[in-house]
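In what follows, a single structure is set out as C-alpha cells and then discussed.
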Amino acid sequence: MRMCSIASGSSGNCIYIGTDATHLLVDAGISRKRIEDGLKKVELSLQDIDGILVTHEHSDHISGLGVLVRKRQIPIYATAGTIRKIKEASSLGEIPEELFQEIREDEKFVIKDMTAVPMHVSHDAAQPVAYRFRHDRKKAAVITDLGVYNDYTVECLKGMDAVLLEANHDVRMLESGPYPYYLKQRILGERGHLSNEVSGRFLCRILHDDLKAVVLGHLSKENNMAELAYETVRVEITMSDNDFKGNDFPISVAKRSEVSEIIRI
C-alpha cells in the first residue's frame with residue numbers, strides 16, 4: 001500500500017492512496033491540472049484512478065471534483081448528506097448521477113483489492129467522514145477536519161500502519177491572528193479543527209510499536225507553520241504518560257501545495 005499527499009492544507013486537499021491494482025483519491029480540492037501533475041510524480045494518471053472518496057463538501061475538498069470526474073467518468077464515494085451538498089454546489093457544474101456511490105459511516109465497501117471504512121467525525125459539514133483503508137493486513141487512515149476526538153475515534157484508528165492526521169493550527173497564532181472572532185470560535189469549537197497540541201494528544205492514544213508513519217496534514221496557512229506543528233506534536237508524545245518518545249516514530253508534515261513523500265506500507 002502507498003499513501004501520498006498531493007496537497008494538504010486549508011487552501012486545498014487531495015490525498016492519493018493505493019496498491020499495485022487500485023488507485024484512489026481522498027478529496028479533490030485543487031485544480032485538475034495540479035492533481036494530474038501530482039499523479040505524474042507517483043507515476044500515475046487520471047486514467048488509473050478507480051474512485052474519489054470525498055470527506056465533506058467544503059470547497060477545499062471538492063473544488064476540482066466536477067471537471068475531474070467528467071473528464072474520466074470517475075466514481076464519487078460520499079455520504080448521502082455530502083452528495084446532496086455536492087449536487088447543490090453550482091460551481092462544480094453538472095455531475096452525472098451514475099457517478100455517485102453512496103456510502104455510510106462504519107459500513108465497509110470494497111474497491112478492487114482495497115477495503116475502505118468511513119468513520120464519523122465532528123465537523124461543521126452536512127455528513128462528514130474520515131476514511132480507514134485496508135489491503136491484505138496493512139491498514140492506513142486519512143483523518144482531517146475534526147474539531148474533537150473521542151473514544152470512538154481512538155478505537156477506529158487503533159492498529160494503523162500509517163495515518164495522515166490533522167494538525168490544523170497553533171492556538172496562540174490563531175487567537176492573535178487576523179481572523180474575525182466568529183471564525184476563530186468556529187475553528188476552536190468542537191466542529192472545527194484540531195490544534196497541534198490536541199493532535200499530539202490524540203496521536204498518543206493510537207501509538208503502538210508497529211506504527212510505521214505519521215503524516216501531519218491540513219495545516220492552516222495563516223495560523224500554523226510546519227516546523228511548529230512537527231515540534232509541538234513531538235513534545236506532546238514525549239511528555240505523555242505512555243512509554244513512547246517523539247523520536248520513536250517517523251513523523252512528517254504534508255506540504256500545502258506540493259507533492260509530499262510517498263509513504264510505503
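The values are calculated or read from the model by the stated rules, or taken from the named source; none is laboratory data. Note that the coordinates shown come from a computational prediction; the quantities given were computed from them, not determined experimentally. Because the Cβ atoms are built from the backbone with ideal geometry, glycine has one as well, and the counts that use them run over all protein chains shown. Ligands, DNA and RNA are stripped out before the accessible areas are found, and what is left, the full protein with its side chains, is counted by its heavy atoms. Shrake-Rupley method; radii C 1.70, N 1.55, O 1.52, S 1.80 Å.
Here are a few things to note about the model shown:
- Only Cα pairs under 8 Å and 6+ residues apart enter the sum, and on that basis the relative contact order of the chain stands at 20 percent.
- Angle between the chain longest axis and helix 226-239 axis [Cα atoms, degrees, rounded to 10]: 50
- The loop-placed trypsin sites (Lys or Arg not before Pro) in the range 104-162, going by DSSP, that have at most 15 neighbouring Cβ atoms within 10 Å of their Cβ come out as Arg104, Lys108, Lys112, Arg137, Lys158.
- Adding -39500 (n - 2.57) for every DSSP H run of four residues or longer, then dividing by how many residues the chain holds, sets the calculated 222 nm ellipticity at -8000 deg cm²/dmol.
- Note on the range 65-149: semi-axes of the ellipsoid equivalent to its C-alpha gyration tensor, largest first and rounded to whole Å, are 23, 18, 10.
- Gyration tensor (alpha-carbon) shape descriptor, the range 218-265, a/c threshold 1.5: oblate
- Inter-label distance for Ala226 and Arg84, nm, one decimal - labels placed 7 Å from Cα along Cα-to-Cβ: 4.0
- Cα gyration tensor category, rounded, prolate or oblate, for the range 185-250 with a/c compared to 1.5: prolate
- Using alpha carbons only: equivalent-ellipsoid semi-axes of the chain, gyration tensor based, whole Å: 27, 21, 17
- Largest GNM mean-square fluctuation among Met239, Met160, Met119, using the chain with Cα springs under 10 Å: Met239.
- If R0 is taken as 51 Å, the Cβ-Cβ distance between Asp50 and Glu190 corresponds to a FRET efficiency of 0.90.
- GNM result for the chain, Cα springs below 10 Å: residue of Val110, Val163, Val42 fluctuating most strongly: Val110
- Cross-link check: pairs Lys41/Lys255; Lys158/Lys245; Lys112/Lys139; Lys40/Lys221 evaluated at a Cα-Cα cut-off of 21 Å; pairs beyond the cut-off: Lys40/Lys221.
- If both residues of a DSSP beta bridge must be in the chain, then about 55% of such bridges are antiparallel.
- Integer Hz, Karplus 6.51/-1.76/1.60 couplings in order for the range 136-147, x for Gly and Pro: 6, 9, 8, 9, 9, 9, 10, 9, 9, 6, 9, x
- Antiparallel DSSP beta bridges within the range 7-92, percent to nearest 5: 50
- In the range 13-96, the GluC sites (Glu not before Pro) that fall in loop regions by DSSP, at most 15 other Cβ within 10 Å: Glu43, Glu94
- In Å², nearest 10: area of Ile30 left accessible to a 1.4 Å probe: 10
- In the range 110-203, the GluC sites (Glu not before Pro) that fall in loop regions by DSSP, at most 16 other Cβ within 10 Å: Glu190
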